[in-house]
Ligand code: ASP
């Protein structure tokens, strides 16, 4: 039987047109772009429906509320389709992919995110290839998780990061191999597709807009100025630390801020600033104080995945200790253990 794919168009470069202010999405225009791609009517392709979001957004404007809208749009159509393709701007695609990977519990169908670096109204657009291959992958039912397809590679959504604003290969998966390589054939990696045990039933979990922060350390940072915000207003901090999770431990200001934040119930999760590798508190003496104050290691999670996971866990109203354990547990393939 012919497979059915639902295309959710949220905005992004792929459907943008030039305006006086630069590229911007245009309501109702994308349908005509899809109608111009004859391959989308080929008998080897799944049948498809298009859902255009309103408003269409540059992905810089996509945040927790929009993630909830995208997640609930999938949940409302879950039984009707074999897979989903989400067209989305590239700038925050890795955040949305990470968020959906947690929101869509027990997902048993492909949700493939894609977009383009060059709009489809331009001759050299990479959008057509990205859409056609994403539709194929979404219909095949092999990668039954949230993924990103871009420029010949299918990567796990919560492992992706945007690494180029210019290249057609916009995304990489620094600490996890691709789920599939797309050349003459679509070659899936059975090993890469393994996931930890998932909830048995599909369930959409909306996120709450909990106050969290990402703090990137740099030499000379004035921690004393940040302390009141961290300790009083923020419920979770992702500390982008040096190397394998190290902090300036000789400066009492940061260590004291972290201690006070922890005491007032703020969760501190430590990521690495490195493009690739593992943040593990206690590997060096320069990070061991973090452990004394109850911080957790993000291991090889991307910052994007750590942000999404914090929202997810805070939205479940968990006990602090359960939440800390969950942060260091591989829930959706976001951590290598
Ligand atoms: N600014 C655009 C967006 O993220 C960039 C893109 O789609 O490539 O919506």
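The values are calculated or read from the model by the stated rules, or taken from the named source; none is laboratory data. Values in this document were obtained by computation on a predicted structure and should not be read as measured data. Because the Cβ atoms are built from the backbone with ideal geometry, glycine has one as well, and the counts that use them run over all protein chains shown.
For the stretch 135-161, a tally of residues being out of contact with any strand residue (DSSP E or B) (no Cβ under 6 Å at 6 or more places or on another chain), touching a residue at least 40 places away in the same chain (Cβ under 8 Å) and either under 23 Å from residue 125 (Cα atoms) or part of a helix (DSSP H, G or I) (or both) returns 5. The set of residues in the stretch 171-187 being within 19 Å of residue 115 (Cα to Cα) and surrounded by 14 or more Cβ atoms within 10 Å (Cβ to Cβ) consists of 171, 172, 173, 178, 179, 180, 181, 182, 186. Checked against (1) at pLDDT 95 or above; (2) more than 30 Å from residue 244 (Cβ to Cβ), residue 200 passes all but condition (1). Considering the stretch 102-148, and only residues there that are under 20 Å from residue 3 (Cβ atoms) and within 14 Å of the ligand (Cβ to nearest atom), the residue that is surrounded by the most Cβ atoms within 10 Å (Cβ to Cβ) turns out to be 114. Pairs are defined by a Cβ separation below 9 Å, a sequence spacing of at least 6 or placement on different chains, a first member in the stretch 260-274 that is at positive phi, and a second member that is surrounded by fewer than 23 Cβ atoms within 10 Å (Cβ to Cβ) and assigned to a loop (DSSP other than H, G, I, E, B); the pairs so defined are 265/235.
Would you check if residue 14 is closer than 26 Å to residue 110 by Cα and within 13 Å of the ligand (Cβ to nearest atom)? So residue 14 fits the description; yes. Out of all the residues in the stretch 17-43, which are more than 16 Å from the ligand (Cβ to nearest atom), without any contact (Cβ under 8 Å) to a residue 60 or more places away in the chain and closer than 17 Å to residue 131 by Cβ? If the condition is that a residue be more than 16 Å from the ligand (Cβ to nearest atom), without any contact (Cβ under 8 Å) to a residue 60 or more places away in the chain and closer than 17 Å to residue 131 by Cβ, then 31, 32, 35, 36, 38, 41, 42 are the ones that fit.
Residue 8 fails exactly one of the following numbered conditions: (1) crowded, with 18+ Cβ neighbours inside 10 Å; (2) within 30 Å of residue 314 (Cα to Cα); (3) within 13 Å of the ligand (Cβ to nearest atom). What is the number of that condition? Here residue 8 meets the rest and fails (3). Taking the stretch 204-321 as the region of interest, the strands (runs of 3 or more DSSP E) fully inside it that hold 2 or more residues being surrounded by fewer than 18 Cβ atoms within 10 Å (Cβ to Cβ) are 212-216.
Scanning the stretch 116-134 for residues that are out of contact with any strand residue (DSSP E or B) (no Cβ under 6 Å at 6 or more places or on another chain) and more than 22 Å from residue 95 (Cα to Cα) turns up 120, 122, 123, 124, 125, 128, 129, 132. Filtering the stretch 53-83 to residues that are assigned to a strand (DSSP E or B), away from the ligand (no atom under 15 Å from the Cβ) and crowded, with 19+ Cβ neighbours inside 10 Å leaves only 83.
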